[in-house]
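First up is the structure itself, then whatever we jot down about it.
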Amino acid sequence: MFSGIAGRYDLLNHVLSLNIDKSWRRRVRSELQAVLADPNAVVLDVACGTGDVSLELRRDAAATVIGTDFCRPMLIIAQEKSRGSIPYVEADAMKLSFADNTFDGVTIAFGLRNLADHAAGLRELKRVIKPGGRLCVLECSNPSIPGFSQVFKLYFETVVPRIGGLISGSRRAYTYLPDRVSRFPDKKILAAMMEEAGFAEVRFQSLTGGTAALHLGTKTI
């Protein structure tokens, strides 16, 4: 499914989010600014897709940024966009091909929801982070603002599949998206899951009226 929409993936992300997705990625970079400024640091972008987050992290960074995804057509596009500035590794986010305690920071944007087991996925992300390293999870969310939440639900469940299907040629892929988001843990539950996985200093930020959320945590041991 992801292979089939790879060619229109970036366009649809920008169109369907009204270009707000770019500001969300900048927020991820700002939260990792101290790590990215360290020339000895290495940051991993998991479920990197076509590399938009990886490229945002790499912008003006002294640290090394690596992207990983399980979908080769997405990675091919990411490689073309990065022009050799970022190495990409084809790998399953549930069983990453990296040693324990490798990375100073790990990001996963709009990818945790697609994992078969969210809790196991968080534990795997923790495994590859160094003690003291940070995790950033960016995900779509369900707004809690009265009125706005109903409008967002209508847009997400009705408009997104129609526009996504028309532009990408795969309505199934953009029906899958709201379905996965509706089944994904809410912000407080995800924060609790991160703590249960062993992360400390867990907090989250609601973005754009709660349509997205950025969860942050630190690996202590």
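Every read-out reported here was derived from the displayed coordinates using simple, explicitly stated rules and does not represent laboratory data. Remember, it's a predicted structure, so these values are computed and weren't measured experimentally. Cβ placement follows ideal geometry from the backbone for every residue including glycine, while neighbour counts extend to all protein chains displayed.
Close amide H partners of Lys130, meaning residues 5 or more places away or on another chain with modelled amide H under 5 Å apart, are Thr102, Phe103, Asp104. Taking max minus min of the alpha-carbon positions on each principal axis, the stretch 95-221 gives extents of 45, 33, 19 Å, largest first.
Under a Cβ-only charge scheme (Lys and Arg +1, Asp and Glu -1), can you give me the dipole magnitude of the stretch 78-154 about the Cα centre, in debye to the nearest 20?
Working: 10 positive and 8 negative charges, 34 e Å.
Approximately 160 debye in magnitude.
Return the calculated 222 nm mean residue ellipticity for the chain, to the nearest 500 deg cm²/dmol, obtained by summing -39500 (n - 2.57) across DSSP H runs with n ≥ 4 and dividing by the residue count. Walk me through the numbers before you get to the answer.
On the way: 11 runs with 95 residues, N = 221.
One gets -12000 deg cm²/dmol as the mean residue ellipticity at 222 nm.
The alpha carbons of the stretch 16-105 occupy a box of 38, 31, 25 Å along the principal axes, longest dimension given first. Between Arg83 and Asn142, the modelled labels are 4.4 nm apart [label points 7 Å from Cα along Cα→Cβ].
Taking the chain as a Gaussian network of alpha-carbon nodes connected by springs under 10 Å, the highest mean-square fluctuation of the residues Val137, Val46, Val151 belongs to Val151. Put +1 on the Cβ of every Lys and Arg and -1 on every Asp and Glu Cβ in the chain; which of Ile108, Met74, Ala62 then has its Cα farthest towards the positive end of the dipole? Farthest towards the positive pole: Met74. Dimensions of the chain from C-alpha coordinates, computed as largest minus smallest value along each principal axis and given longest first, are 45, 38, 30 Å.
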